[in-house]
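Report on one structure; see the data block that follows.
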Amino acid sequence: MICPHCSTDLKYKERTGRVCPHCTHGFALDPRLHGTGMHDLRIRRCAKALTDDGRLKVTVTQLWYRSRTQSSSWPARKARGIHRGISWPLALAACAGLIALAARTGGAPAFWCGVGALLVLVVPKLVPYERARPGGSYISPPEYDFRRLMTGAWSTTYGGLPPGVVDDAGPTRGRTAKRPHRPRAVILCTDHAVAAFLEANGVPGRLRAVLLEAAPDHVHEDLVEFPGDLPGDLPVVVVHDASAMGALLAPLLRIAHPDRTVVDAGLPVAAVRSRRGAVHCFSPAPAVDAGALRAVAGLSEEDAAWLAAGFWSPVAAVPPALLLTAVKKAVARAVAAAPSPSGPAPEHSFLTWPDAPATKGTPTA
C-alpha cells in the first residue's frame, strides 16, 4: 500500500497501527483490513471526481456507490432436475428389476438388461439436481461498513469526511427542505441521499423550488398528496430510482392531480437495465406486474419485465454533475410547460436521462 502522505510503498508488517513508519503520519484505511480498493488515496480520488474538484458537495451514499469495488445481481431461479431423494431410489429400483430380469432370461436379453441397468445408474449423474435460488444482489463493500469507515476511522484520522462530502444520515421520510420565497416549482425526491445532495448544493433556493422528500414505497399514502399550504398550480418534477414504484409515480400524480404539470425526471430503466457499470439491485418482486407497468408507465416489454422481476437501479448512483444538470433542465422544462390559469395542462412524457459513465473495473450482472 502507498502511504497517502509520503508516497512510500508500505508492506503489511510496516502498517501496524495504521501509522507510516517513514513519515509517522496516520492513515485511515488499510486494504488488508478493510477490503480491496479501500485505501486513502483511492477514496480521495473518488471524492475529487465526484465533487468536480470541489465545485459540488456530495453525500456519503454517493461516495459509496462511486467507491464500490464490486457489484452484481442475479435473478431468481426455480429448481431444476429431479431431487436426489427421488431419482436415486427410482434408479436403484429400476436397476434391481433389470438385474433380476437378466438372471431369469440369460443370453442376449440378459446382456441388454445388464446394459440397461448400468445406464439407469448413470442417468441421475447426467441430470443433476439444482436447488431453487432466490434472486439477489450485492455491493462491495456494504453500505453500512463503508459509512462506518467514513464516519469512524476516516473522520478520526483526518478530522472529518473527505472535502466536499457531507453525511446524509438522517430521517428518510417526510423531510422538507427550507422553502424559498415565492416558489415556482416542486421537486419531489424519493431518494434521501439525492434530496440531501440537492439541498447541500443549494439547488432548491437557486431554482426557487420546494424540495419534498418521501419514500417511494408509500406512493399511495404521501406521494399523491402535497402540503396544503403549497400553491395548487406549482409544476412538479419527480426524481426517483429506476424501479417499479418509481416508474409509476409521475403517471399516478398526473391522475391524482390533473391540474398540475408533472415532469418525470427519474432515472429511466432503459438507461441502466443493460448498461455495463450501472448499479443493479434486487428486492423482492414488487406488487405490480409487467402488464401494469407497460400500461400505466408506458415502459417497453423488456424494461417492464426487468422491474417486475424485482430489479432496480438507484438514482443516487448517477454521477452528481450529471444528476444536477438533469434536475435543472427538468425544473426549467416544468416551469416553461406549466399552463396558465386559463389554459389546459399539456401532455408530458419521460425526461430523457443522459447515460451515466460506467464505473471502471466494476462487474455487473
Within the bounds of the range 102-109, is there any residue that is at pLDDT below 90, among the hydroxyl-bearing types (Ser, Thr, Tyr) and surrounded by fewer than 16 Cβ atoms within 10 Å (Cβ to Cβ)?
yes
It is to be established whether one or more residues within the range 54-62 are within 27 Å of the chain's Cα centre (by Cα) and modelled with pLDDT under 90.
yes
Members of the range 267-290 found to be without any contact (Cβ under 8 Å) to a residue 60 or more places away in the chain and buried (at least 16 other Cβ atoms within 10 Å of the Cβ), listed by number:
Val269, Ala270, Arg273, Pro286, Val288, Ala290
Kindly provide the set of residues from the range 1-31 that are among the charged types (D, E, K, R), surrounded by 13 or more Cβ atoms within 10 Å (Cβ to Cβ) and out of contact with any strand residue (DSSP E or B) (no Cβ under 9 Å at 6 or more places or on another chain), ordered by number.
Glu14, Arg15, Asp30
Can you say whether Pro183 is surrounded by fewer than 19 Cβ atoms within 10 Å (Cβ to Cβ), modelled with pLDDT under 90 and not acidic (Asp, Glu), as far as the supplied structure shows?
yes
Under 8 Å between Cβ atoms, at least 6 apart or on separate chains: pull out the pairs that start in the range 52-78 with a residue that is more than 25 Å from Arg273 (Cα to Cα) and end on any residue that is part of a loop (DSSP other than H, G, I, E, B).
Gly54/Pro163; Gly54/Gly164; Leu56/Gly164; Leu56/Asn201; Lys57/Thr51; Lys57/Gly164; Lys57/Asn201
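The values are calculated or read from the model by the stated rules, or taken from the named source; none is laboratory data. Note that the structure is a prediction, hence the values are computed from the model and not measured. For neighbour counting, all protein chains shown are included, and Cβ atoms are generated from backbone atoms with ideal geometry for every residue, glycine included.
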